[in-house]
1. Does Thr134 meet the test of being farther than 25 Å from Thr48 by Cα, touching a helix residue (DSSP H, G or I) at 6+ places or on another chain (Cβ under 6 Å) and modelled with pLDDT under 85?
2. Here are some residues: Val179, Val194. Which one is outside any helix (DSSP H, G or I) and either farther than 18 Å from Glu60 by Cβ or open to solvent by 70 Å² or more (accessible area, probe 1.4 Å) (or both)?
3. Confirm whether Lys2 is basic (Lys, Arg), at pLDDT below 85 and over 30 Å from Thr167 (Cα atoms).
4. Has segment 153-173 got any residue that is surrounded by 15 or more Cβ atoms within 10 Å (Cβ to Cβ), within 25 Å of Ile114 (Cβ to Cβ) and modelled with pLDDT of 85 or more?
5. Condition first: of a type outside the set (Val, Ile, Thr) and closer than 17 Å to Lys37 by Cα. Now tell me which residues in segment 164-212 satisfy that.
6. Open to solvent by 30 Å² or more (accessible area, probe 1.4 Å), over 30 Å from Ile36 (Cα atoms), modelled with pLDDT of 80 or more and hydroxyl-bearing (Ser, Thr, Tyr), is that true of Thr120?
7. Residues that are open to solvent by less than 30 Å² (accessible area, probe 1.4 Å), part of a helix (DSSP H, G or I), modelled with pLDDT of 85 or more and hydrophobic (A, V, I, L, M, F, W, C): does segment 40-48 have at least one?
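The values are calculated or read from the model by the stated rules, or taken from the named source; none is laboratory data. It should be emphasised that the depicted structure is a prediction, and the values quoted were computed from it without experimental measurement. Backbone-built Cβ (ideal geometry, glycine too); neighbour counts: all protein chains shown. Heavy atoms of the whole protein, side chains included, go into the accessibility calculation; ligands, DNA and RNA do not. Shrake-Rupley method; radii C 1.70, N 1.55, O 1.52, S 1.80 Å.
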Amino acid sequence: MKNHIKIISVLMLLVISACSNTKVIASWKSENANQIKNNKNVLVIARTGDKQARIAFESEIAEKLNKEGINATSSFSILPTNLKIGKELTEEQKMAFKEFLKIEGFDGVVLNVIKDLEETTKTYSDGGYYAGATVPFYPSYYNGFYTYYFNPYSYTSFGTYVEPTTTTYSYKTYVLETVVYNLNQKENDQLIAVVTSKIENPQDIDNDAKVFAKKIFNSLK
């Protein structure tokens with residue numbers, strides 16, 4: 001009985017820690033947000049040093065855009081390696097980046113940036129009780145203090161004692177910001193939309209990227 005309870009507790013903890021959760025916490029779009037559909041060539045950038053995450057997120061967003069009839073390209077497949085997306089650019093690199101967008105004919109950009117990282121630690125306690133000792137009613141000796149106190153059954157519950165245990169696990173929550181720009185407009189009027197989202201306890205990058213892209217697009221409809 002004791003082992004069964006411990007196994008159940010461990011399984012529940014594994015289920016909790018294995019679940020990721022993605023949600024949009026804020027979004028804004030301009031009155032001209034639909035202009036993105038008129039863009040002929042959109043560059044999708046996930047600004048992260050994690051190559052696998054970058055490929056997964058850029059690919060999912062680009063795929064969503066392409067399904068909407070918007071020609072989109074992932075930056076990992078075309079951006080020159082000297083233009084590091086995860087590091088601050090020098091003035092020379094900034095000029096080179098602008099020139100790259102111009103030469104390749106990009107007139108729209110979907111940029112994803114990690115704005116914050118929260119680390120959470122939770123501790124779950126279990127045990128410290130007798131299992132299998134409960135009854136559907138209280139016997140008559142419960143009615144008086146002495147009858148209870150002197151009764152042999154008050155010394156032990158005759159159940160299986162479950163040793164107290166604590167299990168601690170930590171997980172990360174990423175706060176992401178997705179900004180959409182129409183480069184055909186004047187520089188001060190290029191912003192089309194901003195979406196802030198959270199990904200809690202990411203476990204499967206590919207699946208998290210699919211869910212993320214879907215929720216971002218739903219928030220912009």
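1. Details: farther than 25 Å from Thr48 by Cα: yes; touching a helix residue (DSSP H, G or I) at 6+ places or on another chain (Cβ under 6 Å): no; modelled with pLDDT under 85: yes.
No, not satisfied.
2. Being outside any helix (DSSP H, G or I) and either farther than 18 Å from Glu60 by Cβ or open to solvent by 70 Å² or more (accessible area, probe 1.4 Å) (or both) holds for just one of Val179, Val194, which is Val194.
3. When the stated conditions are applied, Lys2 does not pass them.
4. yes
5. Tyr181, Asn182, Leu183, Asn184, Gln185, Asp189, Gln190, Leu191, Ala193
6. Working: open to solvent by 30 Å² or more (accessible area, probe 1.4 Å): yes; over 30 Å from Ile36 (Cα atoms): yes; modelled with pLDDT of 80 or more: yes; hydroxyl-bearing (Ser, Thr, Tyr): yes.
Spelling it out, Thr120 is indeed open to solvent by 30 Å² or more (accessible area, probe 1.4 Å), over 30 Å from Ile36 (Cα atoms), modelled with pLDDT of 80 or more and hydroxyl-bearing (Ser, Thr, Tyr).
7. no
Quick grid of which residues meet (1) among the hydroxyl-bearing types (Ser, Thr, Tyr); (2) open to solvent by 80 Å² or more (accessible area, probe 1.4 Å); (3) outside any helix (DSSP H, G or I):
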site: Arg54; (1), (2), (3): no, no, no
site: Ser59; (1), (2), (3): yes, no, no
site: Ala62; (1), (2), (3): no, no, no
site: Pro80; (1), (2), (3): no, no, yes
site: Gly86; (1), (2), (3): no, no, yes
site: Met95; (1), (2), (3): no, yes, no
site: Phe100; (1), (2), (3): no, no, no
site: Ile103; (1), (2), (3): no, yes, no
site: Val113; (1), (2), (3): no, no, yes
